[in-house]
Amino acid sequence: QVQLVESGGGLVQAGGSLRLSCAASGTRFGPSVMGWYRQAPGLERNLVATITTSGSTTYADSVKGRFTISRDSAKNTVDLQMNSLKPEDTAVYYCNVRAYGLVYWGKGTLVTVSS
């Protein structure tokens, strides 16, 4: 059974940094897209960043220049370095993997940015 477990969320002041990590277990992904999404209270879940097996990345416009996604395919992990955090970054952050036509989600980790 595939499991994605996020860690690294918490409370931080505006301007601060956090690093989220996601570890996948239960399988070793081949060609895949790993990513992070977030959902603020009362809003839809939206893309934050993705990274392919070859290292190609995409970012939401709102986080470009502040967030960096990285992955270690050998360890089945994907990280999100978040700098210059803003109160509007407050959300539950979800790890996501798309592989072989399937989609996997973690349970999420809460990031709260205080002003």
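Any idea which residue in the stretch 98-115 is surrounded by the fewest Cβ atoms within 10 Å (Cβ to Cβ), counting only those that are small (Gly, Ala, Ser) and in a strand (DSSP E or B)?
Per the criteria, the residue is Ser114.
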Qualifying residues in the stretch 7-43 (those that are more than 15 Å from Glu88 (Cβ to Cβ), touching a Leu at 6+ places or on another chain (Cβ under 6 Å) and assigned to a strand (DSSP E or B)) - the one most open to solvent (accessible area, probe 1.4 Å)
Tyr37
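For the stretch 56-97, how many residues meet the condition of being part of a strand (DSSP E or B) and over 13 Å from the mean Cα position of the chain (by Cα)?
Residues meeting the conditions: 1.
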Which of the residues belonging to the stretch 83-112 are closer than 18 Å to Phe67 by Cβ and free of Cβ contacts under 8 Å to residues at least 24 places away in the same chain?
none
So how many residues does the stretch 18-46 have that are among the aromatic types (Phe, Trp, Tyr) and at pLDDT 90 or above?
2
Go through the stretch 1-47 and give me each residue that's among the hydrophobic types (A, V, I, L, M, F, W, C) and on the phi > 0 side of the Ramachandran plot.
none
Qualifying positions in the stretch 68-89 - at pLDDT 95 or above, surrounded by 18 or more Cβ atoms within 10 Å (Cβ to Cβ), under 30 Å from Gln1 (Cα atoms) and of a type outside the set (Lys, Arg):
Ile69, Val78, Asp79, Leu80, Met82
Report, by residue number, each residue of the stretch 57-82 that is touching a residue at least 40 places away in the same chain (Cβ under 8 Å) and under 15 Å from Val111 (Cα atoms).
Asp79, Leu80, Gln81, Met82
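So that you can scan it fast, the table gives a plain yes or no per residue for (1) under 18 Å from Ala99 (Cβ atoms); (2) in contact (Cβ under 8 Å) with a residue 24 or more places away in the chain:
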position	(1), (2)
Gln1	yes, yes
Arg38	no, yes
Ile51	yes, yes
Gly55	yes, no
Spot the failing condition for Asn46; the list is (1) surrounded by fewer than 13 Cβ atoms within 10 Å (Cβ to Cβ); (2) within 17 Å of Ser21 (Cα to Cα); (3) in contact (Cβ under 8 Å) with a residue 12 or more places away in the chain, and only one is missed.
(2)
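The values are calculated or read from the model by the stated rules, or taken from the named source; none is laboratory data. Everything quoted here is computed from the prediction, not taken from an experiment. As a convention, Cβ positions derive from the backbone with ideal geometry for all residues, glycine included, and neighbour counts pool all protein chains shown. For accessibility, only protein heavy atoms count, side chains too; no ligands or nucleic acids. Shrake-Rupley method; radii C 1.70, N 1.55, O 1.52, S 1.80 Å.
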